[in-house]
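Colleague: Got a structure for you, questions after.
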């Protein structure tokens, strides 16, 4: 029998490690012949764009390199599978591809949108009497999937963010003038990544002095008051703010910073919250102020990835294939935390419908009453996820990536 | 006798390593008693804000940590020493501080503005018959100082930029839609750091497909033509552009992206070139386009610093003190390259006046005739500067910084 695997949604540092997990487990499984990679997520299944992964990943060194290469080696998509009633042809095309290549298992690595695809495709296959199995593997730097303790990709993003924010703290404190530095961090509707900057307190940092998350309402007036209070205590105030904070409609000048563009899933592209707050401070306080957007570096900085994250991403990929081989379908694999200290997780499965299109918010009980900080209780949750460094392959003083041109079959 | 050291200008990853060099050499020199650190560059000398470095840096581990801590442990300044005729009191205050603390040597680590201070202060001291020596140590991520082959701080910035641009290249190529990614890189008037992205070709990358430097004139029309040509060849076009490219006055909409603010040295604060080009492409081509500003991370990402750079920064600091002890004054230390392969440099001295207020541009002969690429000849110049990784101290999964609160004496 053959199997196929695909990657979907926004890139992370760990999504290729999950692919390696599926691939390694496939190699170890006697009854599996070809392991196909579907190009650009589910789109490759629709348009029959597959490649034979064994001709791409040829050595142990290839697997090691792939584990430390960010982004998705197979490309990605943001394609939303329509309901069957809306477009049965799409489903038939996918079935056609699966059957043409004798694919019995399809592993989909992605976020909550991708789990929607797992639900719909596995439901369709059951309905037409096929025994092809579909299993989801979670992935997102946003850490906002329900059920699972955390998501592969998040730990590496959090390690990059903590490392970089700490360096920005050093950078921001060199001049004798009072200043405010605003760091804008990814997170559309959940503040996990922004909140994770509280970990710096474990290494003796006081900053970020203020942390704002999308989970609470945000008031520009309260923000200005908070900044003034911190400026009275610290010469260089550092603020971590989630790109998705809910600006009050009454706050002036906000509209121009939010573009109306939406992606295929109806998500709004957010940008410019940092810039907005920067201008607000320049306008109302007039001190030295700078905003910094960590941008896509948050999801692709493999050179400072978390070994725990990369190892877990590979492990959950392997489990996904084993679960499919056990006859399960329509499930997503997830991490259940047994203990934080010492850190221990097990890998379990849940119906993908428990995750599809849903979001897990950062817990309100870990947000300070003033809505501008994260409590110490969260530190113990975050810390285990960023432990360990991967021994990165270097060549000419730069990391080596796996970036062979791919030949579509 | 006592000595003093100060740090000035924009932060880098290597400026604390140069401080460690001065400090270590001071410890080894029998006739030196106290080693003072001047807070906020020359300002500490004016206002007598000094600290005893031996009470701050106490162990070998402290020195090791300081070598891998970005930014300036002693703070910095952008203070421009006025001409003596304009403000003799300032000079008298500095002399007062020097004499009060029996300081016979002052080492100033900084850029071309700081070398101006070295020239003026050493000239004043000679004029008043003092035998206090003043020596400059170069420092800037911009690599734009004359005489020296390269500047401490540049290698680490270039290693960060190459590493990050490579990760952004991976990130930018995941979707099936054609796209343009614009990466804005620091460099007010010189394109060294932006040009250094050509090193990625040594690791098999084709991108950045276009590289624009301040050393040539820039035309928005030619830029659009270049982008269209590259889009015909590559699905995901990546552009590296210096923040300081000279936009043509005739190019529309440029004024709003350049703020009129200037610092104490009359430098214009530039920002938004990437954002400007992003909007231009969105407007004229309408494809997926994103601009990314590498921002202060370019100068403070110690976690991926160049070992060559850090080691050299320490070495040149040590040489500076030895040169002062030899009786020299008004000099700046510099690197002379003996050979690129194998890499070898010597440390020499030059009159600080050969460097003060001057800039070294990126060589025109290393820019392609089309003014949109850097030639292979530059790769051999850049590569030695980013070799080697520092074994970073980690705690709780995050780098450890030296950031003890400082007690001013």
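The values are calculated or read from the model by the stated rules, or taken from the named source; none is laboratory data. For clarity, every value in this text was computed on a predicted model and none was experimentally measured. For neighbour counting, all protein chains shown are included, and Cβ atoms are generated from backbone atoms with ideal geometry for every residue, glycine included.
Colleague: Looking only at residues in region B:174-200 that are at pLDDT 95 or above and more than 30 Å from residue B:112 (Cβ to Cβ), which one is surrounded by the fewest Cβ atoms within 10 Å (Cβ to Cβ)?
Modeller: Going through the qualifying residues, I end up with B:178.
Colleague: Hey, any hits in region B:159-175 for a residue that's under 12 Å from the mean Cα position of the chain (by Cα), touching a residue at least 24 places away in the same chain (Cβ under 8 Å), within 14 Å of another protein chain (Cβ to nearest Cβ) and at negative phi? Before you say what the answer is, go through the steps one by one.
Modeller: Initial filter on region B:159-175 (under 12 Å from the mean Cα position of the chain (by Cα)): none.
Scanning region B:159-175, I find no residue that is under 12 Å from the mean Cα position of the chain (by Cα), touching a residue at least 24 places away in the same chain (Cβ under 8 Å), within 14 Å of another protein chain (Cβ to nearest Cβ) and at negative phi, so the answer is no.
Colleague: Right, here's the next one. For residue A:324, are the conditions met, namely being assigned to a strand (DSSP E or B) and away from chain B (no Cβ under 14 Å)? Working first, answer last.
Modeller: Details: assigned to a strand (DSSP E or B): no; away from chain B (no Cβ under 14 Å): yes.
Spelling it out, it is not the case that residue A:324 is assigned to a strand (DSSP E or B) and away from chain B (no Cβ under 14 Å).
Colleague: State yes or no: is residue B:238 touching a strand residue (DSSP E or B) at 6+ places or on another chain (Cβ under 7 Å), closer than 30 Å to residue B:369 by Cβ, crowded, with 20+ Cβ neighbours inside 10 Å and modelled with pLDDT under 95? Outline the logic, then answer.
Modeller: Numbers: touching a strand residue (DSSP E or B) at 6+ places or on another chain (Cβ under 7 Å): yes; closer than 30 Å to residue B:369 by Cβ: yes; crowded, with 20+ Cβ neighbours inside 10 Å: yes; modelled with pLDDT under 95: no.
Criteria not met by residue B:238.
Colleague: A further question follows. At least 2 residues that are more than 12 Å from chain A (Cβ to nearest Cβ) and surrounded by fewer than 19 Cβ atoms within 10 Å (Cβ to Cβ) in each: list the helices (runs of 4 or more DSSP H) lying fully within region B:1-77 that qualify. Quick ask: steps written out before the conclusion?
Modeller: On the way: elements: B:15-28, B:42-46, B:60-67.
The helices (runs of 4 or more DSSP H) meeting that bar are B:15-28, B:60-67.
Colleague: Can you go through B:318, B:336 and tell me which one is away from chain A (no Cβ under 11 Å), touching a residue at least 60 places away in the same chain (Cβ under 8 Å) and touching a helix residue (DSSP H, G or I) at 6+ places or on another chain (Cβ under 7 Å)?
Modeller: Numbers: B:336 fails: touching a helix residue (DSSP H, G or I) at 6+ places or on another chain (Cβ under 7 Å).
None of the others qualify; the one that does is B:318.
Colleague: Output the number of the condition that residue A:309 fails; it satisfies all remaining conditions of (1) farther than 25 Å from residue B:161 by Cβ; (2) in a helix (DSSP H, G or I).
Modeller: (1)
Colleague: To continue, here is another question. Filter region B:116-146 for residues that are over 20 Å from residue B:1 (Cβ atoms) and surrounded by fewer than 19 Cβ atoms within 10 Å (Cβ to Cβ) and give the result.
Modeller: If the condition is that a residue be over 20 Å from residue B:1 (Cβ atoms) and surrounded by fewer than 19 Cβ atoms within 10 Å (Cβ to Cβ), then B:123, B:127, B:146 are the ones that fit.
Colleague: Quick one: how many residues across region B:201-221 are outside any loop (DSSP other than H, G, I, E, B), away from every other protein chain (no Cβ under 14 Å) and modelled with pLDDT of 95 or more?
Modeller: From region B:201-221, those outside any loop (DSSP other than H, G, I, E, B) are B:201-203, B:210-212, B:217-218, B:220-221; that's our starting set.
From the residues that got through so far, the ones that are away from every other protein chain (no Cβ under 14 Å) too are B:210-212, B:217-218, B:220-221.
Imposing the further condition that a residue be modelled with pLDDT of 95 or more reduces the set to B:210-212.
Final tally of qualifying residues: 3.
Each row is one residue, and each column tells you yes or no for (1) within 13 Å of another protein chain (Cβ to nearest Cβ); (2) under 27 Å from residue B:8 (Cβ atoms); (3) at pLDDT below 95.
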position	(1), (2), (3)
B:250	no, no, yes
B:259	yes, yes, yes
B:269	yes, yes, yes
B:277	no, no, yes
B:299	yes, yes, no
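Here is a yes/no grid of residues against (1) modelled with pLDDT of 95 or more; (2) closer than 17 Å to residue A:98 by Cα:
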{"position": "A:10", "(1), (2)": "no, no"}
{"position": "A:18", "(1), (2)": "yes, no"}
{"position": "A:25", "(1), (2)": "yes, no"}
{"position": "A:37", "(1), (2)": "yes, yes"}
{"position": "A:43", "(1), (2)": "yes, yes"}
{"position": "A:53", "(1), (2)": "yes, yes"}
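Colleague: I would also like to ask the following. Hey, could you check region B:353-409 for residues that are more than 11 Å from chain A (Cβ to nearest Cβ) and assigned to a strand (DSSP E or B) and say which is nearest to residue A:386 (Cα to Cα)?
Modeller: Per the criteria, the residue is B:374.
Colleague: Which number in (1) within 14 Å of chain B (Cβ to nearest Cβ); (2) touching a residue at least 24 places away in the same chain (Cβ under 8 Å) marks the one condition that residue A:227 misses?
Modeller: For residue A:227, the exception is condition (1).
Colleague: Would you please list the contacts, defined by Cβ atoms under 6 Å and residues six or more apart or on different chains, that run from a residue in region A:92-117 that is at positive phi to a residue that is in a strand (DSSP E or B)?
Modeller: Going by the 6 Å Cβ cut-off, the qualifying pairs are A:102/A:2.
Colleague: Report, by residue number, each residue of region B:277-297 that is in a helix (DSSP H, G or I) and surrounded by 22 or more Cβ atoms within 10 Å (Cβ to Cβ). Don't jump to the end; show me each part of the working.
Modeller: Filtering region B:277-297 for residues in a helix (DSSP H, G or I) gives B:277-284, B:297.
The answer is B:277, B:281, B:297.
Colleague: Can you tell me which condition residue B:105 does not meet? The list is (1) within 19 Å of residue B:74 (Cβ to Cβ); (2) surrounded by fewer than 22 Cβ atoms within 10 Å (Cβ to Cβ), and all the others hold.
Modeller: It fails just one condition, (2).
Colleague: Residues that are out of contact with any helix residue (DSSP H, G or I) (no Cβ under 9 Å at 6 or more places or on another chain) and under 30 Å from residue B:402 (Cβ atoms): list the strands (runs of 3 or more DSSP E) wholly contained in region A:87-196 that include at least 2 such residues. I'd like the intermediate steps shown before the answer.
Modeller: Details: elements: A:103-110, A:133-138, A:179-185.
No strands (runs of 3 or more DSSP E) qualify here.
Colleague: The conditions are (1) touching a strand residue (DSSP E or B) at 6+ places or on another chain (Cβ under 8 Å); (2) in contact (Cβ under 8 Å) with a residue 60 or more places away in the chain; (3) within 30 Å of residue B:381 (Cα to Cα), and residue A:394 fails exactly one of them. Which is it?
Modeller: Tallying (1) touching a strand residue (DSSP E or B) at 6+ places or on another chain (Cβ under 8 Å); (2) in contact (Cβ under 8 Å) with a residue 60 or more places away in the chain; (3) within 30 Å of residue B:381 (Cα to Cα), residue A:394 fails exactly one: (2).
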